[in-house]
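Here the structure comes first, spelled out in structure tokens, and everything after it is commentary.
The values are calculated or read from the model by the stated rules, or taken from the named source; none is laboratory data. No experiment lies behind these values; they were computed from the predicted model shown. Cβ atoms come from the backbone with ideal geometry, glycine included; neighbour counts cover every protein chain shown.
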Amino acid sequence: MVKFASAYVKTSADKYSQLPIDHTFAAVKRKTIFRWVKVLLLIYCVVGIALYYLQDKLMLHPAPLSINEKYNFEYPHKEINIPYSSNSNINIVQFQTSQLARGVVLYFHGNRNNISHYARFAPEFTRNGYEVWMIDYPGFGKSTGEFSEQRLYDWALILYKLARTKYTPDSIIIFGKSMGTGIAAQLASVRDTRRLILETPYYSFPSVISQYAPIYPVNQMAHFKIPTFQYLKNVAAPISIFHGTDDRVITYRNARKLQPYLKKDDEFITIEGGSHNDLHKFPLFQQKLDSLLKL
């Protein structure tokens, strides 16, 4: 009887002596989890703030040039500078064709460098009898002034009006590449054109940012919206889209989201194996572009 009581006392003592240790361990565990939650929230906030304030630098890569610098293009061209305001200049380069011009291509380029980087694509159009007029955005090349979404649209319209002094709408093709596709789509939604051609377009600017930062509310954070999908709804002209399946800048999946907004006779041309900057190297791209320009 004594032995039984002794054993009972020992067992009870062991049981209750363990409680403080378990509570201490649980408290330490909760504290550690709470600490990590705070660290993760801090990282999330810091990265989000950086993304908000630095997104322009992350998305835009202009290469400014002096207004007095000479372009050394091997193709015949004419340079035009249009004063937009007291501190803003629009720089346009008009690449000429050796043939009797059948029309003009208004070319809206991507998010980096300046016209110098895209001049190499002019022969794709001039060999088919089209002039190519390229415009630099504010801060790109010799163009100066404040960069804003509305200003991109305003300048695109100025380029169109300049083209209308020489060509009728059925002789004007609007072409956009990468970032320029949204600008081209907006212009084609408010002005008549023979055709809208988009190379590696995007659904909207926030949708591109969300590819790299899917855990952030990019629709609210993005400085620029450029909703290409909305503009395509209002484009009466035929639309042709080129996109590569291996594009890692603007994914093929992102561009495919534009297909529901195309009309019955519009085209979405898939370049198998094409990435963001090499579609011009694929025979299908060249053949199809040539056929579009000859229509």
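Structure summary
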read-out: Residues within segment 86-130 that are over 27 Å from the mean Cα position of the chain (by Cα) and assigned to a strand (DSSP E or B), tallied; value: 1
read-out: Tally, over segment 195-207, of residues that are more than 12 Å from Ile226 (Cβ to Cβ) and buried (at least 22 other Cβ atoms within 10 Å of the Cβ); value: 5
read-out: Some residue of segment 226-246 being closer than 30 Å to Lys57 by Cβ, out of contact with any helix residue (DSSP H, G or I) (no Cβ under 9 Å at 6 or more places or on another chain) and among the small types (Gly, Ala, Ser); value: no
read-out: Residue in segment 271-281 that is touching a His at 6+ places or on another chain (Cβ under 9 Å), without any contact (Cβ under 8 Å) to a residue 60 or more places away in the chain, assigned by TED's automatic domain parsing to the domain that holds Ser207 and buried (at least 17 other Cβ atoms within 10 Å of the Cβ) present; value: yes
read-out: Test: residue in segment 226-235 that is assigned by TED's automatic domain parsing to the domain that holds Gln99 and touching a Pro at 6+ places or on another chain (Cβ under 7 Å); value: yes
read-out: Hits in segment 200-229 (condition: within 27 Å of Glu146 (Cβ to Cβ) and free of Cβ contacts under 8 Å to residues at least 12 places away in the same chain); value: Ser210, Tyr212, Pro217, Gln220
read-out: Members of segment 170-209 found to be among the charged types (D, E, K, R) and not in a helix (DSSP H, G or I), listed by number; value: Lys177, Arg191, Asp192, Arg194, Arg195, Glu199
read-out: Some residue of segment 210-226 being on the phi < 0 side of the Ramachandran plot, of a type in the set (S, T, N, Q), buried (at least 18 other Cβ atoms within 10 Å of the Cβ) and modelled with pLDDT of 95 or more; value: no
read-out: Helices (runs of 4 or more DSSP H) (entirely within segment 210-295) containing at least 3 residues that are within 13 Å of the chain's Cα centre (by Cα); value: 252-256
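Here is a yes/no grid of residues against (1) over 30 Å from Val208 (Cα atoms); (2) modelled with pLDDT of 65 or more:
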| position | (1), (2) |
| --- | --- |
| Ser12 | yes, no |
| Gln18 | yes, no |
| Thr24 | yes, yes |
| Ala27 | yes, yes |
| Thr32 | yes, yes |
| Lys38 | no, yes |
| Tyr44 | no, yes |
